[in-house]
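Accompanying notes for the structure given below.
The values are calculated or read from the model by the stated rules, or taken from the named source; none is laboratory data. This structure is a prediction, so every number in the text was calculated from the model and none was measured. Don't worry about glycine lacking a Cβ; one is built from the backbone with ideal geometry, like all the others, and counts go over all protein chains shown. To get the accessible areas, we keep the full protein, side chains included, count just its heavy atoms, and leave off ligands, DNA and RNA. Shrake-Rupley method; radii C 1.70, N 1.55, O 1.52, S 1.80 Å.
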Amino acid sequence: LAVASPATVSRCGMVYMEPTSLGYDVLLQSWLNKTPKLLGEKFRGMFQMLFDKFVPSVLGFVRRYCNEPLPTVNNCLVDGLLHLMDTFIADYYEKEDGSENRSTAEIEQFLTQLPSVFVFCLVWSLGCTGDAVSRKMLNSFLRAEITSFGLDLGLPQEGLLYDYKFDLVSDAWIKWSVSIPPYEYDPKLTFAELIIPIDDSICYTFLLDTLVRNRKHVLMTGPTGTGKTVNIQGLL
């Protein structure tokens, strides 16, 4: 209100602030205040630590070395990280009757998986807006950061981080192609209706489905012919 005129205040006006002036820490603190009480302070402390270790360095790398076909701002990328994290913690909110609340053992298990979940969400928020060359560079940088922080996430050494998904049930990183049943050809479909799953389509459909089911807005971007419409129509 220090920079708002009385006329602006009297009309319930909005004062616009540049994202760079606002910073992204306010987004984090607001998000932490709304996380499930069942996860407790241990979750908030662990997430704050992971956020402080990775987000500033990854954002700095993205801004300096990565080429984004669709330009972004830092706050938008951080918001994407928090939205994707929301989909993993949605089941830990207390139910009104208490009958379906997660057990203490399940909560402890999730806390041990939190670093891996965080890295997965980091890859598909801060790290997913660059082109193919940028992804290779960011993959090397992020692997080095994980090692330097002494985190043992059981990451596969082959390929890129983008080639894998962290599976909560098996508590392991698995290839995208392993996460769905084998493809079965349907002779009733015409050639134009055949959609053969590949790692990219499996990955993007999973992310799209996960976010939409949790009521999060999604913007799919990419050059012509990369399957955006096909993936969205296939999901719908």
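For segment 161-183, filtering for residues that are surrounded by fewer than 10 Cβ atoms within 10 Å (Cβ to Cβ) and under 27 Å from Ile195 (Cα atoms) leaves 2. Say whether the condition of being touching a Leu at 6+ places or on another chain (Cβ under 9 Å), more than 21 Å from Val117 (Cβ to Cβ), of a type outside the set (Phe, Trp, Tyr) and open to solvent by 50 Å² or more (accessible area, probe 1.4 Å) is met by at least one residue in segment 78-88. Looking for residues that are touching a Leu at 6+ places or on another chain (Cβ under 9 Å), more than 21 Å from Val117 (Cβ to Cβ), of a type outside the set (Phe, Trp, Tyr) and open to solvent by 50 Å² or more (accessible area, probe 1.4 Å), one finds none in segment 78-88, hence no. Among the residues that make up segment 184-195, is at least one of them open to solvent by 90 Å² or more (accessible area, probe 1.4 Å), in contact with a Leu (Cβ under 9 Å, 6 or more places away or on another chain) and assigned to a loop (DSSP other than H, G, I, E, B)? Yes, some residue in segment 184-195 is open to solvent by 90 Å² or more (accessible area, probe 1.4 Å), in contact with a Leu (Cβ under 9 Å, 6 or more places away or on another chain) and assigned to a loop (DSSP other than H, G, I, E, B).
Whenever a residue of segment 198-214 is open to solvent by 30 Å² or more (accessible area, probe 1.4 Å) and at pLDDT below 95, its partners that are assigned to a helix (DSSP H, G or I) and among the charged types (D, E, K, R), lying with C-beta atoms within less than 7 angstrom and at least six residues away or across chains, give the pairs Asp199/Asp163. Filtering segment 30-40 to residues that are open to solvent by 80 Å² or more (accessible area, probe 1.4 Å) and part of a helix (DSSP H, G or I) leaves Asn33, Lys37. Only residues that are open to solvent by less than 50 Å² (accessible area, probe 1.4 Å) and either aliphatic (A, V, I, L, M) or at pLDDT 95 or above (or both) were counted across segment 142-160, and they come to 8. Here segment 92-125 is the region considered, the condition is being of a type in the set (Gly, Ala, Ser), assigned to a loop (DSSP other than H, G, I, E, B) and open to solvent by less than 80 Å² (accessible area, probe 1.4 Å), and the residue that is farthest from Leu38 (Cα to Cα) is Ser125. Of the residues in segment 227-235, none is assigned to a loop (DSSP other than H, G, I, E, B), open to solvent by less than 60 Å² (accessible area, probe 1.4 Å) and over 30 Å from Ile89 (Cβ atoms). Asp25: surrounded by fewer than 18 Cβ atoms within 10 Å (Cβ to Cβ) and without any contact (Cβ under 8 Å) to a residue 24 or more places away in the chain, yes or no? Yes: the conditions hold for Asp25.
Yes/no per residue for (1) of a type in the set (Phe, Trp, Tyr); (2) assigned to a helix (DSSP H, G or I); (3) more than 18 Å from the chain's Cα centre (by Cα):
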| residue | (1), (2), (3) |
| --- | --- |
| Ala4 | no, no, yes |
| Tyr16 | yes, no, yes |
| Leu28 | no, yes, no |
| Lys42 | no, yes, yes |
| Phe51 | yes, yes, no |
| Phe61 | yes, yes, no |
